[in-house]
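One structure is given below, encoded as structure tokens.
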Amino acid sequence: MQELEMVLRGGTVVTASDEYRADVGIAGGRIVAIADSLRGASEVDAGGLLVLPGGVDSHVHVEQPGSDGSMTADDFETGTRSAACGGTTTIIPFAVQEKGKGLRASVDAYRRRGEGRAWIDFAIHLIVSDPSEAVVGQELPALIRDGYTSFKVYMTYDDLKLDDRQLLDVLALARREGAMTMVHAENADCIAWITQRLAAKGRTAPRFHATSRPMPVEREATHRAIALGELVDTPMLIVHVSGREAVEEIRRAQARGLRVYGETCPQYLYLTEEDLGAPGFLGACCICSPPPRDRANQEVIWDALVSGVFQVFSSDHAPYRYDDARGKKLAGTDAPFWRIPNGVPGIETRMPLLFDGVSRGRITLQQFVALTATNPARIYGLSGRKGSVAIGADADIALWDPSRERTIRNADLHHAVDYTPYEGMVVKGWPVHVISRGAFVMRGGAPVDRRGHGRFLPCDLPGPARPRGQPALPADLL
Ligand code: DUC
Ligand code: ZN
Ligand code: ZN
């Protein structure tokens, strides 16, 4: 029997399908034994704790510059430190293609920024903003072969958006190569049209961000993206879904047998558009896209987590400091809403905020594990290594105290942002120790400096990205 370097003793192991009492044995950074009464060189008392797979946060923005001069406050170091302190042991941020340029140089530079600095392991998604013939024909296929097997496409934002023809080019490529496509679904022209009218009436304060992106804007784009995917028989994942109408589109697609997956985020469970109306310029802190909706829509999002419409619960961590000329105050405190960088921080609070739903009986422990770890690992080609407490998997584990009540305070978080939208909220359940490939990254609530421990993860071609084999077009056109 292999000598165990570390044993987690007496905890309750939770997977996406089970929960049971067992010790977990770790050697060489992997889980090598799950059994009763294991002994090892070091032993961690997990009595009374849940042994959860470390979270996989598959939608985060770190070290990402914007074309407007904005810059995310978190880099690979602070972002992964904060993630680790909230129970997450893998992140998937984005390397962005600038329009008119290729992708390879941006991807290589981005990966180098993570290597040597990240505390926990990371994969990389691509953001495709200019699917030229060279990008679609050569660069992307080569990048996919190198382990960058997922990309995000935008239907809004001038510097990123693709038209329908370009979306089809990317979706057809994803089908040919077996990659996963993530879609930001909002109708750019509708937003521009509404924004122009709001501007003409002087309605430019942060709260009008929500007015400029009402639910039909998201619903229409969701419907269109799904139809384009159906045309070319390509699975896709609709990211950051905010409410009923988009949920209905996804549910209908799933009921028709299409491989359409859904993701939501904490902001759609806990914030409403009223938060954008905070006094003065403070509403800027809660500007994100799509915007938070209302209480009824929060309920719809909870129900869709329970019923399985959503497979992924990510943070969409987009960390802009409030008091910062590269953050929310990029264009000053009188800035119209369309000049305020979009996004909220949430990499550390993602898992505790959803776990509170377990504590309140809204979702099961198994659903929690599936949504925060197992499903994102599977959907992005990391199964077997990440997202489950299983023999042979990396020893990425969050030892979780389900009874610990904690008030969320920005002062206690480990990101580089000067606020959290969840200030003062009380949640039940928080990680006590977090382990990445057998090494503590958080111990007893305190970060353990692991700069450079995190490795780049090349992703496999994801099983869920496989086409159904029923395109609405003759296959020789694809
Ligand atoms: N919307 C995005 O699409 N990305 C970052 C944050 C946001 O609000
Ligand atoms: Zn987005
Ligand atoms: Zn995002």
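The values are calculated or read from the model by the stated rules, or taken from the named source; none is laboratory data. This one's a predicted model, so the numbers in the text were calculated from it and none came from an experiment. Heads up, the Cβs are rebuilt from the backbone with ideal geometry, glycines too, and the neighbour counts pull from every protein chain shown. All accessible areas refer to the heavy atoms of the entire protein, side chains included, with ligands and DNA or RNA removed. Shrake-Rupley method; radii C 1.70, N 1.55, O 1.52, S 1.80 Å.
Results for (1) closer than 30 Å to Arg378 by Cα; (2) open to solvent by 10 Å² or more (accessible area, probe 1.4 Å); (3) within 16 Å of ligand 2 (Cβ to nearest atom), shown as yes or no for each residue.
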{"position": "Pro214", "(1), (2), (3)": "no, yes, no"}
{"position": "Ala221", "(1), (2), (3)": "yes, no, yes"}
{"position": "Ala227", "(1), (2), (3)": "yes, yes, no"}
{"position": "Glu230", "(1), (2), (3)": "yes, yes, no"}
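Restricting attention to region 28-43, which residues are open to solvent by 20 Å² or more (accessible area, probe 1.4 Å), assigned to a strand (DSSP E or B) and either in contact (Cβ under 8 Å) with a residue 40 or more places away in the chain or within 11 Å of Glu5 (Cβ to Cβ) (or both)?
Arg30, Val32, Ile34, Ser42, Glu43 - these are the residues of region 28-43 that are open to solvent by 20 Å² or more (accessible area, probe 1.4 Å), assigned to a strand (DSSP E or B) and either in contact (Cβ under 8 Å) with a residue 40 or more places away in the chain or within 11 Å of Glu5 (Cβ to Cβ) (or both).
Looking only at region 58-74, count every residue that is away from ligand 2 (no atom under 16 Å from the Cβ) and open to solvent by less than 40 Å² (accessible area, probe 1.4 Å) and tell me the total.
Selection size over region 58-74: 4.
Any chance you could count how many residues in region 138-152 are within 16 Å of ligand 2 (Cβ to nearest atom) and either out of contact with any Phe, Trp or Tyr (no Cβ under 6 Å at 6 or more places or on another chain) or modelled with pLDDT under 95 (or both)?
Result for region 138-152: 2.
Find the residue count for region 246-270, including only residues that are in contact with a Pro (Cβ under 6 Å, 6 or more places away or on another chain) and away from ligand 2 (no atom under 16 Å from the Cβ).
1
Among the listed residues Asp401, Asp394, which satisfies the condition of being crowded, with 24+ Cβ neighbours inside 10 Å and either over 21 Å from Gln298 (Cα atoms) or touching a residue at least 24 places away in the same chain (Cβ under 8 Å) (or both)?
Exactly one residue qualifies, and that residue is Asp394.
Starting from residues that are touching a residue at least 60 places away in the same chain (Cβ under 8 Å) and over 19 Å from the mean Cα position of the chain (by Cα), keep the ones in region 298-330 and report whichever is nearest to Asp275 (Cα to Cα).
So the residue we want is Tyr322.
Within the set of pairs 6 or more residues apart or between chains, which connect a residue that is under 22 Å from His61 (Cβ atoms) and modelled with pLDDT of 95 or more inside region 224-244 to a residue that is part of a loop (DSSP other than H, G, I, E, B) and aliphatic (A, V, I, L, M) with Cβ atoms less than 7 Å apart?
Listed pairs, sorted by first residue: Ala225/Met155; Ala225/Ala185; Ile238/Ala185.
If you go through region 153-169 one residue at a time, how many are within 15 Å of ligand 2 (Cβ to nearest atom) and either out of contact with any Lys or Arg (no Cβ under 9 Å at 6 or more places or on another chain) or within 13 Å of Glu230 (Cα to Cα) (or both)?
Count: 5.
Looking at this structure, is Arg293 over 14 Å from Pro345 (Cα atoms), outside any helix (DSSP H, G or I), within 16 Å of ligand 1 (Cβ to nearest atom) and open to solvent by 10 Å² or more (accessible area, probe 1.4 Å)?
Yes; evaluated as a whole, the condition is true for this residue.
Would you tally the residues in region 249-273 being more than 14 Å from ligand 1 (Cβ to nearest atom), over 21 Å from Asp163 (Cβ atoms), outside any strand (DSSP E or B) and in contact (Cβ under 8 Å) with a residue 24 or more places away in the chain?
Going through region 249-273 one residue at a time, the tally reaches 10.
Have a look at Asp418, Asp476 and point out the one that is of a type in the set (Asp, Glu) and free of Cβ contacts under 8 Å to residues at least 60 places away in the same chain.
Asp476
Is it the case, given these coordinates, that Glu348 is away from ligand 2 (no atom under 16 Å from the Cβ), more than 18 Å from Asp68 (Cβ to Cβ), of a type in the set (Asp, Glu) and open to solvent by 20 Å² or more (accessible area, probe 1.4 Å)?
It is false that Glu348 is away from ligand 2 (no atom under 16 Å from the Cβ), more than 18 Å from Asp68 (Cβ to Cβ), of a type in the set (Asp, Glu) and open to solvent by 20 Å² or more (accessible area, probe 1.4 Å).
Is it true that Leu305 is aliphatic (A, V, I, L, M), closer than 17 Å to Asp356 by Cα and within 16 Å of ligand 3 (Cβ to nearest atom)?
So Leu305 does not fit the description; no.
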